[in-house]
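J.: One structure, pasted below without further comment.
Nothing in this text is a laboratory measurement; each read-out follows from the coordinates by a stated rule. Since this is a predicted model, take the numbers as computed values, not measurements. Neighbour counts are summed over all protein chains in view; Cβ atoms, including those assigned to glycine, are modelled from backbone coordinates with ideal geometry.
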Amino acid sequence: REKFFGDQVFRINVRNGDESSKLSQLVNSDNLKLNFWKSPSTFSRPVDVLVPSVSLQSVRSFLKSQGLEYSVTIEDLQALLDNEDEEMQHNEGQER
Amino acid sequence: SSNNFNYGAYHSLEAIYREMDSIARDFPALVSRVKIGHSFENRPMYVLKFSTAEGRRRPAIWLNAGIHSREWISQATAIWTARKIVSDYGKDPALTSILEKMDIFLLPVANPDGYVYTQTQNRLWRKTRSLNPGSACVGADPNRNWNASFAGEGASDNPCSEIYHGPHANSEVEVKSVVDFIQGHRNFKCFIDLHSYSQLLMYPYGYTIKKAPDADELDEVARRAAKALASLSGTTYQVGPTCTTVYPASGSSVDWAYDNGIKYAFTFELRDTGHYGFLLPANQIIPTAEETWLGLKTIMEHVRDNLY
């Protein structure tokens with residue numbers, strides 16, 4: 001089963017076309033293994049992207065260098081998944 | 001329910017299918033579980049058919065959920081909705097009158113293989129699990145695979161992309177199963193697809209910025225539905241056409257439905273706005289399902305009163 005220890009979800013606020021095109025460099029960088037939960041759109045909607053822990057530093061540096069504003073919405077994805085999993089196990093036990 | 005199914009929790013595919021069976025068994029005069037096809041890995045695709053006029057092909061409503069497997073709140077909302085319909089029929093005048101005139105078909109897990117994969121291998125899996133010859137990447141986005149401007153803007157021809165449209169329209173057997181069933185029935189008037197997240201209520205088109213012929217009416221209905229939804233817990237939805245509300249998307253279920261004569265076609269992006277994203281805690285399942293029901297009912301009442 002895939003694990004996501006230390007992976008984080010960034011919310012990037014795209015304010016204009018210029019920032020949208022800067023972001024597309026990130027979108028097209030396969031080596032960072034990013035998973036876009038909410039893809040860039042042309043309507044200044046926030047972009048949510050899952051950043052693997054190994055790519056955190058590179059992505060932070062890129063966003064800072066490009067002046068792109070972002071926040072971290074999920075600090076450690078695996079912690080949320082562990083809660084969800086634990087609850088499902090508990091519930092299945094109850095069901096039986 | 002009779003087999004103590006906890007609607008406030010996430011469940012395996014087997015548990016959801018068992019509960020569908022249980023609902024059909026508990027209310028045989030109102031509900032039947034119908035197999036409409038199978039998935040790529042040969043899992044059955046089941047819908048619940050709610051009908052008070054067995055044997056007649058009444059105008060019908062299609063409620064679709066779980067097409068993107070990681071969006072667990074959509075499958076959970078759908079199975080709760082199934083229980084809500086059987087519990088309220090005969091008690092809730094609005095629902096009772098809807099079912100006196102129309103049938104409702106509910107597909108809680110439109111992407112069974114993907115759903116099982118999210119529970120056993122990768123919680124964030126979105127697509128189907130079909131194999132792509134010549135590529136190491138698996139699956140196609142089942143909501144880019146419908147024959148509505150297939151392979152147009154907002155979809156990718158790269159099998160490794162999350163929005164890969166597949167080798168051709170209806171290449172995903174899960175999509176083709178629904179298409180064949182709806183085209184065989186020929187009397188659907190409404191198609192609603194439940195996704196998450198972002199709290200959006202959208203209508204065609206996704207594949208073009210062009211305004212849909214019925215956009216004004218769909219917008220008015222969607223705003224009333226969003227208002228009804230918000231009345232329970234204050235959850236605010238944005239309303240608008242897919243293409244300019246979120247992003248261009250070709251090959252979507254709702255655009256296909258609309259272009260094939262199903263006028264009342266809507267997409268719900270359920271809770272939340274991004275705090276949890278796809279990992280909405282189970283304690284929000286019931287509040288989400290309850291508020292969504294108010295929106296769904298508003299739309300279904302409008303369809304009931306405006307059959308065409």
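J.: Just the number, please: Stokes-Einstein D of segment B:120-273 in µm²/s, Kirkwood Rh from C-alpha pairs, 25 °C, 0.890 mPa s.
T.: Reported coefficient: 152 µm²/s.
J.: Tally the DSSP beta bridges in chain B and give the antiparallel ones as a percent, rounded to 5.
T.: On the way: 14 of 37 bridges.
Approximately 40 percent, going by the DSSP bridge assignments.
J.: If you put +1 on each Lys and Arg Cβ and -1 on each Asp and Glu Cβ, how big is the dipole of segment B:51-199 around its Cα centre, in Debye rounded to 20? Don't jump to the answer; show the numbers that get you there.
T.: Details: 16 positive and 15 negative charges, 68 e Å.
So the dipole magnitude of segment B:51-199 works out to roughly 320 debye.
J.: While we're here: Average partner chain C-beta neighbours within 10 Å, per residue of B:10-19?
T.: Values: counts 5, 4, 3, 0, 0, 4, 0, 0, 1, 0.
Average per residue, whole number: 2.
J.: Taking every DSSP beta bridge that has both residues in the protein assembly as shown, what percent is antiparallel when rounded to the nearest 5? Spell out each step's value before the answer.
T.: Numbers: 27 of 50 bridges.
Close to 55 percent.
J.: Give me D for the protein assembly as shown in µm² s⁻¹, whole number, from Stokes-Einstein with Rh from the Kirkwood sum over alpha-carbon pairs, 10 °C and 1.306 mPa s.
T.: Values: Rh = 21.5 Å.
Answer, rounded: 74 µm²/s.
J.: If packing is taken as the average count of other Cβ atoms within 10 Å, what order do B:289-295, A:28-34, B:154-160 fall into, highest mean first? Walk me through the numbers on the way to the answer.
T.: On the way: B:289-295: 21.4, A:28-34: 12.1, B:154-160: 17.0.
Listed from highest to lowest mean packing, they are B:289-295, B:154-160, A:28-34.
J.: Moving to a separate point now. Could you work out how far apart the two model spin labels at B:Ala29 and A:Gln89 are, taking each label as a point 7 Å from the Cα in the direction of the beta carbon, and quote it in nm?
T.: Spacing of the two 7 Å Cα→Cβ label points: 4.6 nm.
J.: Taking the mean number of other Cβ atoms within 10 Å as a proxy for protection, how do you rank A:8-21, B:165-178 from highest to lowest? Intermediate results must be reported in sequence, preceding the final value.
T.: On the way: A:8-21: 16.6, B:165-178: 21.8.
Taking the mean over residues of other Cβ atoms within 10 Å, the ranking is B:165-178, A:8-21.
J.: How high is the relative contact order of chain A, given as a whole-number percent (alpha carbon pairs under 8 Å, six or more residues apart)?
T.: Numbers: 128 pairs, mean separation 40.3, N = 96.
It rounds to 42 percent for chain A.
J.: Right, here's the next one. Under the definition of Cα pairs under 8 Å and six or more residues apart, what whole-number percent is the relative contact order of segment B:230-289? If you can, show how the numbers build up before the last one.
T.: On the way: 21 pairs, mean separation 11.0, N = 60.
Over segment B:230-289, the number comes to 18 percent.
J.: A follow-up question, please. Per the helix-only calculation at 222 nm, which mean residue ellipticity applies to chain A, given -39500 (n - 2.57) for every DSSP H run of n ≥ 4 and division by its residues, nearest 500 deg cm²/dmol? Spell out each step's value before the answer.
T.: Details: 3 runs with 41 residues, N = 96.
So the helix-based figure for chain A works out to -13500 deg cm²/dmol.
J.: Looking at chain B, which Cys residues are left with no other cysteine's beta carbon under 4.7 Å from theirs?
T.: Cys with no partner Cβ under 4.7 Å: B:Cys190, B:Cys243.
J.: Output the direction-averaged projected area (hull surface divided by four) of the convex hull of the alpha-carbon atoms of chain A, in nm². Before the final figure, lay out the partial values.
T.: Numbers: hull surface 29.0 nm².
If I average the Cα hull's projected area over directions, I get 7.3 nm².
J.: Under the rule a/c < 1.5 gives rounded, and otherwise a/b versus b/c splits prolate from oblate, where does segment B:38-99 land using the Cα gyration tensor?
T.: Working: a/c = 2.79, a/b = 1.54, b/c = 1.81.
Oblate.
J.: Now, a different point. Once R0 is set to 51 Å, what does the formula 1/(1 + (r/R0)^6) return for the Cβ-Cβ distance between A:Ser65 and B:Ser135, expressed as a FRET efficiency to the nearest 0.05? Intermediate values should be presented prior to the final figure.
T.: Working: r = 33 Å, r/R0 = 0.65.
Computed FRET efficiency for A:Ser65 and B:Ser135: 0.95.
J.: May I ask you to order A:58-69, B:108-119, B:21-32 by the average number of other C-beta atoms within 10 Å around their residues, highest value first?
T.: Values: A:58-69: 13.8, B:108-119: 25.9, B:21-32: 16.1.
Descending packing order for the listed peptides: B:108-119, B:21-32, A:58-69.
J.: Hey, another quick one. Starting from the Cα of B:Lys297, draw a straight line to each of the aspartates and glutamates and keep only those under 15 Å, dropping any in the same chain fewer than 8 residues away.
T.: Output for B:Lys297: B:Asp88, B:Asp92, B:Glu100, B:Asp103, B:Asp193, B:Glu220, B:Asp305.
J.: Output the Kirkwood hydrodynamic radius of segment B:63-161, Cα pairs only, in Å rounded to one decimal. Don't skip to the answer; put the middle values down first.
T.: Working: mean 1/r = 0.0645 Å⁻¹.
In segment B:63-161 this quantity evaluates to 15.5 Å.
J.: Further question: Using only the alpha-carbon atoms of chain B as identical scatterers, what base-10 log of I(q)/I(0) does the Debye formula give at q = 0.06, 0.11 Å⁻¹?
T.: Ignoring solvent entirely, the Cα scatterers give -0.17, -0.60.
J.: On to the next question. Could you tell me whether segment B:1-56 comes out rounded, prolate or oblate from its Cα gyration tensor? Rule is a ≥ b ≥ c as square roots of the eigenvalues, rounded for a/c under 1.5, then prolate if a/b exceeds b/c, otherwise oblate.
T.: Numbers: a/c = 2.86, a/b = 1.13, b/c = 2.54.
Judged from the Cα gyration tensor, segment B:1-56 comes out oblate (a/c at least 1.5, b/c at or above a/b).
J.: Using the reciprocal of the averaged 1/r over all distinct C-alpha pairs, how large is the Kirkwood radius of segment B:1-133 in Å? It would help to have the intermediate numbers written out before the result.
T.: On the way: mean 1/r = 0.0651 Å⁻¹.
By the Kirkwood definition, the hydrodynamic radius is 15.4 Å.
J.: Same structure, new question: Using a/c under 1.5 as the rounded threshold, could you call segment B:197-308 rounded, prolate or oblate? The axes a ≥ b ≥ c are square roots of the C-alpha gyration tensor eigenvalues, and prolate needs a/b larger than b/c, oblate otherwise.
T.: Numbers: a/c = 2.12, a/b = 1.35, b/c = 1.57.
In terms of gyration-tensor shape, oblate.
J.: Run through the DSSP bridge list for segment B:1-155 and note the antiparallel percent, rounded to the nearest 5.
T.: On the way: 11 of 16 bridges.
Taking every DSSP beta bridge within segment B:1-155, about 70 percent pair in antiparallel fashion.
J.: Below 8 Å between Cα atoms, with a sequence gap of 6+, how large is the relative contact order for segment B:58-213 in percent? Please report the intermediate quantities before stating the final value.
T.: Working: 250 pairs, mean separation 44.2, N = 156.
This gives 28 percent for segment B:58-213.
J.: Counting partner chain Cβ atoms within 10 Å of every residue's Cβ in A:47-57, what's the average?
T.: Working: counts 0, 6, 0, 3, 0, 0, 0, 0, 0, 0, 0.
Average neighbour count from other chains, rounded to a whole number: 1.
J.: In peptide A:81-92, how many Cβ atoms from other protein chains are near each Cβ within 10 Å, on average? Walk me through the intermediate numbers first.
T.: Numbers: counts 3, 0, 3, 9, 3, 0, 5, 7, 0, 1, 8, 5.
That average works out to 4.
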